[in-house]
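Comments concern the structure below.
The values are calculated or read from the model by the stated rules, or taken from the named source; none is laboratory data. It should be emphasised that the depicted structure is a prediction, and the values quoted were computed from it without experimental measurement. Glycine also receives a Cβ, built like all others from the backbone with ideal geometry; neighbour counts cover every protein chain displayed. Each accessible area value is taken on the protein alone, full model and side chains, heavy atoms only, with ligands, DNA and RNA left out. Shrake-Rupley method; radii C 1.70, N 1.55, O 1.52, S 1.80 Å.
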Amino acid sequence: MKISLKWLQDYVDVADFLDQPEPLAEKLTAAGIEVEGIERPGQAFAQVVVGKILLKDRHPDADKLTLCQVDVGQGESQQIICGASNHQQGDKVVVALPGAVLPGDFKIKVSKIRGVESRGMLCSASELGLDLGSSEGIVILPEEAPVGEAFAQYRGLEDVIFELSVTPNRADCLSHLGLAREIGSLLERPVRVPSPEFTAKGAPTQELVSVEVKNSDLCPRYAGRVIRGVKVGPSPDWLRQRLESVGLNPINNVVDVTNFVMMELGQPLHAFDVAKLRDQKILVAESLPGELFITLDKTEISLKGGELMIRDGERPVALAGVVGGLESGVSETTQDLFVESAHFVPETVRKTARSHGIETDSAYRFSRGTDPEMVKLALDRACELIQKTAGGEVAEVYVDHYPDPLLRKPVAVNVADVSERLGYEVSAEEFQAILRRLGCRVEPMLESSKDQPDKAFAVVAPAYRWDLFQAVDFIEEVARVKGYDLIPEHFPPLHYHPSPHVQDYSHQERLANLVAGQGYYQAVNYGFISSKWSEGFLGNTELLKPWGVEVSSAPVPIQNPLNADLDVMRVCLLPGLFKNLLHNYRHSVGYGRLFELGSVFSSRPPEAEDRKVPGQATGPGPFAGDRVYSESPRLALLGWGQVTQLWSSSAANRPVVYDLKSHIEAILSQLRITQYQWLRAEEMEGKGAEVPDFLHPGQSAALVVEGRALGFVGSLHPLLLEREKLRSSVAVAELDVAQLMRGQPRSLKVKSLSRFPAVERDLTFVLPQSLSAGQVLGEIKKAAGVNLQSARIVDVFTGGDLKEDQRAVSYRMLLQSHQETLSEELLQGLQTKVIEQVKRKLAVEVR
Amino acid sequence: MLKEQVERLKRVEEEATEAFVEALSSRQLYEAKVKFLGKQGAFAELMKLMGRLSAEEKPQFGKEVNLSKQRLEGRYQEAELKLKKQEMEERLARESLDLTLPGPEPLGGARHPLSLVINEVVEILAKIGYSVRLGPQIEGDWFNFEALNIPPDHPSRDLQDTFYIDSNHVLRTHTSPVQIHTLLNEKPPLRVLAPGSVFRCDSDVSHSPNFHQIEGMLLDKKVSMADLKGTLAFFIKELFGSSLKVRFRPSFFPFTEPSAEFDCSCPICKGKGCRMCKNSGWVEIGGCGLINPKVLMHAGVDPKQWQGFAFGFGIERMAIIKYGVEDIRLFNENDIRFLRQFE
């Protein structure tokens, strides 16, 4: 909001800050009224002065140009060439002298026009960047304009404008008088409140316009007064200047006065044309559903019912406190006015304005809370100024529905508490002085607090400070006025045992560090995503269920999404990571490993149990009928491309899915999870499962830990790659974090070490393509018994003398006993046993 | 006879010496050793001739042979040492590697800068007894607003543009509702921290619709603004590693009273004025204040018995200050070229 220091000067003395406003701005900011910007509009008009045309001639070489001699109050007259034709000898004009810089960075210099020198420019309104009514030709000033005076001073532009950012609790500062009061209390300067004077005669208002307030709960005060026989027209200069200085456009004298009073006193007003009020009636009542209403700016809105309206005998004429109606408003032909000054409950105005998307200065102030005690003064002030600028006869008596006048209750505040909560000493004297400066009534409470009789006070805040109603509110006021810089630093001692982090956090942190340790970069995506993109990636989400990560087929929608690309909460992390892959790929990052650890969202209808959740019962909100939302943490990995490496060139051809699998195994190992297996779709419990649409059916497996599926790893389906023109292989994995971290941290039990030699034995089996190498490995482990320390796959060979559908897989066993050196016979026996058992179980041959 | 034998001995010794000196490798040297000093070597042959000597000559000759053998042993060792040294030098020269060639590609991998900031903040405050709590991102309207003293249609709702899920649920606009969950579930005294993802429906070059905050809360018998300032001063000092000043400015948050914004002297220019602090010497960090008694009451805590303070700030902003990130979009694009810098 804009505040003019020159205007402010009417209510509190700030003249000493006009040249140097920064200290005042700092003072206000330090007191919580943030001055975001300081403007000096007059500076734009340096070297622009009032001039008088002494002589007007034709340019010797150009018919359309005039050659003028202009007195600019510098003794010698200036020769200026002008292209306009509306000026006459003797006219007062606005002259931009050489050195002036007009809006649009238009620099004025001495120049030659068709061979004749011109020392400046006669300005039009648009060249000055001002709206002065007519814009045809150059500006002709009134006869009384003093020659040589700076134009800025003449127009009242020698001003300082503060741009304020006012917090929602300080509605009282949304006016010049309001800010003057604040400055008055901060600088201990007296404040002048306007005392309007006007003459009133004729019939009382109630006889001319009958006023009825049906909803006193929403409109605690409604006042108004009729002014008859006004002449609507342009406002005088002083009024126009005031409004322009704070960024408002002048409209006509009546509307301008209502706006002026709002900016002066913070009370929004509205003027109705009495002739347009059917039945000469004003009724404050709620709207009916489906009623139509056309606003001042010609927008037709359909009312929802329950909006507080100002109505006449037949129809709504204003959306109370928000905006007036088109038909009942003041026009050029209006003669009799009904000026409304009212107090509406903030919530009702805010709700109406927001539900219809209307933002007005009036709605802004009402919804932040106006002062009901200001209603009368504002109405009087409007009558005074309308009479002054538009004439008319102010009705003898005004109407004022104010059934329950505001009564501010005293609040008990103990000065000892003030000192204690601020951390520094505040004396009772200082406490009283500060609050009195802020307009509070402060009285000692002798009876109620016998232990500290001189420290307890009953404080009553002024009507305009609705935000002060608890003891702590007054404590903040003291701190604010004294300055927050006085608050010392004290380090609160820890005198109890701290609690541990919540387990979910510790688990997620540990897991994220393990994944990063495997070479993955952590991604952070939004919690919401495009439903279209997500569906396009995931396909049929039902298929994911047996894979240990349930993905909701109906994502939680956002009622008011920012745009269609962020319309639902995510159900799976992979669509987001896939988007990140495309971004990277398109920026020529041909190799990458990403992971994300975050929540996915789902909802379901509530059950009786849900209402027993602690906290939910405490809230007053009705939880019935709502859906119940849940969030579960997931870990997703995505990798693409391989790096060509110097020492192992074949690694460049390794399918990325093996990298992901091996990294997940490393993580499992670090989590001390040893009982797990990778199952293909057809191997899964029951009759097997279907592969999710986005995975390659031949390159995907579920991770089953201790008998429970908790996620999957796989290559992306080639169709997805083709759709996005990706030429590298992409592998993904998503795991359920809660399941994965179940029982963590698992304890470590160190195994004793054998003192006897270890022996390696290699076995090669010929496997049909349909048999997985892992199954054979499993059998080897089972057959080898207690002396097997480890078994792993060291080679896979195809071709040669093998049949088309055969692979030779080599396994290396590490054998070692804790009791003895393994004898050759024993080793031979063991090897034979392994071979026989594998052959028997899986029908494969040793190579 | 003795003289003749001694002459032979001398010749053998000379030959052996020559063979030792001229051996080109340890292998050749060893072969020479076997040839002269081995069981069937030249010396053994000489000893066989001993029988031809007289009884007086035998010990004399024996002595000569032993002396000769000792000399040869010495020469052998000398030659061996020299050869070993030479051979080691050759090996070292042969085995020299170009260490500018790369080893296996480093794994890489890193936490996201926002996680790094959260971790650092948690670590600092954990030292003084704070522990982490989490809350839901789809939050009940009551938790996100009303319990925090933001009634429906109240002007203070203007402070936060809200995404709605249904009439009773929103995407939380701040991490403050975690205060309420904690107060409802745990008993004071308390020191807790709530990092997390929050949502506001505005988006421009400096605002993301889904960003991160961290919230701290302390609840105890007596709590003052000075306790709050002291805690934040410690935090800032630990975070930026030098003695930066903390400044409070009055502000308004419905859930705290008194409320303040807290700034610290600019960690980049140490208060001299730079682009980060817009030449003011101060950077805005976050909001804080003493917990409004109304909030405590909403959460079933008696404000006559317990008092508290709370503070909170944006993680993105902290990352911008700490790492000089210039565009907030970088935090969510997940460009590896950006993420790699946080290894």
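Could you say whether any residue in the range B:116-133 is without any contact (Cβ under 8 Å) to a residue 60 or more places away in the chain, within 10 Å of chain A (Cβ to nearest Cβ) and polar (S, T, N, Q)? Yes, the range B:116-133 contains a residue that is without any contact (Cβ under 8 Å) to a residue 60 or more places away in the chain, within 10 Å of chain A (Cβ to nearest Cβ) and polar (S, T, N, Q). Among the conditions (1) hydroxyl-bearing (Ser, Thr, Tyr); (2) modelled with pLDDT under 95; (3) under 22 Å from residue B:180 (Cβ atoms), the only one that residue B:259 does not satisfy is (2). Within the range A:559-591, being modelled with pLDDT of 95 or more, in contact with a Gly (Cβ under 8 Å, 6 or more places away or on another chain) and at the interface with chain B (Cβ under 10 Å from one of its Cβ atoms) holds for A:569, A:581, A:584. For the range B:246-294, give me each residue that is free of Cβ contacts under 8 Å to residues at least 40 places away in the same chain, charged (D, E, K, R) and within 13 Å of another protein chain (Cβ to nearest Cβ). Answer for the range B:246-294, where residues must be free of Cβ contacts under 8 Å to residues at least 40 places away in the same chain, charged (D, E, K, R) and within 13 Å of another protein chain (Cβ to nearest Cβ): B:247, B:249, B:257, B:261, B:263, B:278, B:284.
Just to be sure before I move on: is residue B:243 within 13 Å of chain A (Cβ to nearest Cβ), over 33 Å from the mean Cα position of the chain (by Cα), modelled with pLDDT under 95 and not in a strand (DSSP E or B) in the structure I sent? Quick ask: steps written out before the conclusion?
Details: within 13 Å of chain A (Cβ to nearest Cβ): yes; over 33 Å from the mean Cα position of the chain (by Cα): no; modelled with pLDDT under 95: yes; not in a strand (DSSP E or B): yes.
It is false that residue B:243 is within 13 Å of chain A (Cβ to nearest Cβ), over 33 Å from the mean Cα position of the chain (by Cα), modelled with pLDDT under 95 and not in a strand (DSSP E or B).
As a summary of the residue check, residue A:794 satisfies the conditions (1) in a loop (DSSP other than H, G, I, E, B); (2) under 25 Å from residue A:701 (Cα atoms); (3) open to solvent by 30 Å² or more (accessible area, probe 1.4 Å); (4) not acidic (Asp, Glu) except for the one numbered (1).
Filtering the range A:798-820 to residues that are more than 20 Å from residue A:770 (Cβ to Cβ), outside any strand (DSSP E or B) and either touching a strand residue (DSSP E or B) at 6+ places or on another chain (Cβ under 6 Å) or open to solvent by less than 70 Å² (accessible area, probe 1.4 Å) (or both) leaves A:816, A:817. Within this structure, residue B:161 passes the test of being charged (D, E, K, R), more than 30 Å from residue A:497 (Cβ to Cβ), more than 7 Å from chain A (Cβ to nearest Cβ) and part of a loop (DSSP other than H, G, I, E, B).
Are any residues in the range A:90-117 hydrophobic (A, V, I, L, M, F, W, C) and either over 22 Å from residue A:140 (Cα atoms) or under 45 Å from the mean Cα position of the chain (by Cα) (or both), and if so, which ones? Scanning the range A:90-117 gives A:96, A:100, A:101, A:102, A:106, A:108, A:110, A:113, A:116.
Every test in (1) among the aliphatic types (A, V, I, L, M); (2) closer than 22 Å to residue A:368 by Cα; (3) surrounded by fewer than 22 Cβ atoms within 10 Å (Cβ to Cβ) is passed by residue A:310 save one, and that test is (3). Inspection of the range B:169-184 identifies no residue that is among the charged types (D, E, K, R), in contact with a helix residue (DSSP H, G or I) (Cβ under 8 Å, 6 or more places away or on another chain), assigned to a loop (DSSP other than H, G, I, E, B) and facing chain A (nearest Cβ under 7 Å). Pairs meeting the criteria (first residue in the range A:522-548 and in the same structural domain as residue A:683 (by TED's automatic domain parsing), second residue of a type in the set (Asp, Glu) and open to solvent by 30 Å² or more (accessible area, probe 1.4 Å), beta carbons under 6 Å, at least 6 apart or on different chains) are A:530/A:565; A:531/A:567; A:539/A:693; A:540/A:693; A:543/A:690. Consider residue A:761 carefully, then state whether it is assigned to a strand (DSSP E or B) and exposed (fewer than 14 other Cβ atoms within 10 Å of the Cβ). Judged against the criteria, residue A:761 is not a match.
Residues of the range A:475-506 that are open to solvent by 50 Å² or more (accessible area, probe 1.4 Å), in contact (Cβ under 8 Å) with a residue 12 or more places away in the chain and more than 8 Å from chain B (Cβ to nearest Cβ): A:482, A:486. Does residue A:553 satisfy being surrounded by 19 or more Cβ atoms within 10 Å (Cβ to Cβ), in contact with a helix residue (DSSP H, G or I) (Cβ under 7 Å, 6 or more places away or on another chain) and in the same structural domain as residue A:659 (by TED's automatic domain parsing)? Judged against the criteria, residue A:553 is not a match. Which residues, counting only those in the range A:275-300, are among the aliphatic types (A, V, I, L, M) and open to solvent by less than 10 Å² (accessible area, probe 1.4 Å)? Result: A:277, A:282, A:284, A:285.
Of the helices (runs of 4 or more DSSP H) that lie entirely inside the range B:52-145, those containing 2 or more residues that are exposed (fewer than 11 other Cβ atoms within 10 Å of the Cβ) span B:57-94.
Looking across the range B:225-240, the residues that are open to solvent by less than 10 Å² (accessible area, probe 1.4 Å), within 7 Å of chain A (Cβ to nearest Cβ) and touching a residue at least 40 places away in the same chain (Cβ under 8 Å) come down to B:225, B:231. Scanning the range A:497-523 for residues that are among the aliphatic types (A, V, I, L, M) and touching a helix residue (DSSP H, G or I) at 6+ places or on another chain (Cβ under 6 Å) gives A:514, A:523. Counting residues in the range A:193-213 that are assigned to a helix (DSSP H, G or I) and crowded, with 17+ Cβ neighbours inside 10 Å gives one or more. Within the range B:8-24, the set of residues being open to solvent by 30 Å² or more (accessible area, probe 1.4 Å) and modelled with pLDDT under 90 comprises B:8 only.
Hand me the list of helices (runs of 4 or more DSSP H) wholly inside the range A:297-413 holding 1 or more residues that are of a type in the set (Val, Ile, Thr). Spell out how you get there, then give the answer.
Values: elements: A:346-355, A:361-368, A:375-390.
Ranges flagged: A:346-355, A:375-390.
Taken across the range A:49-66, residues that are under 50 Å from the mean Cα position of the chain (by Cα) and either within 29 Å of residue A:241 (Cα to Cα) or not in a strand (DSSP E or B) (or both) do occur, with at least one present.
If the condition is being away from every other protein chain (no Cβ under 11 Å) and open to solvent by 20 Å² or more (accessible area, probe 1.4 Å), then the range B:315-343 contributes B:317, B:320, B:322, B:323, B:324, B:326, B:327, B:328.
Taking the criterion of being within 11 Å of chain A (Cβ to nearest Cβ), touching a residue at least 24 places away in the same chain (Cβ under 8 Å) and open to solvent by 20 Å² or more (accessible area, probe 1.4 Å), the residues of the range B:295-314 that qualify are B:298, B:300, B:307. Checking each residue in the range A:167-202 for being in contact with a strand residue (DSSP E or B) (Cβ under 8 Å, 6 or more places away or on another chain) and among the aliphatic types (A, V, I, L, M) picks out A:179, A:200. Of the listed requirements (1) surrounded by fewer than 18 Cβ atoms within 10 Å (Cβ to Cβ); (2) more than 7 Å from every other protein chain (Cβ to nearest Cβ), residue B:200 misses just one: (1).
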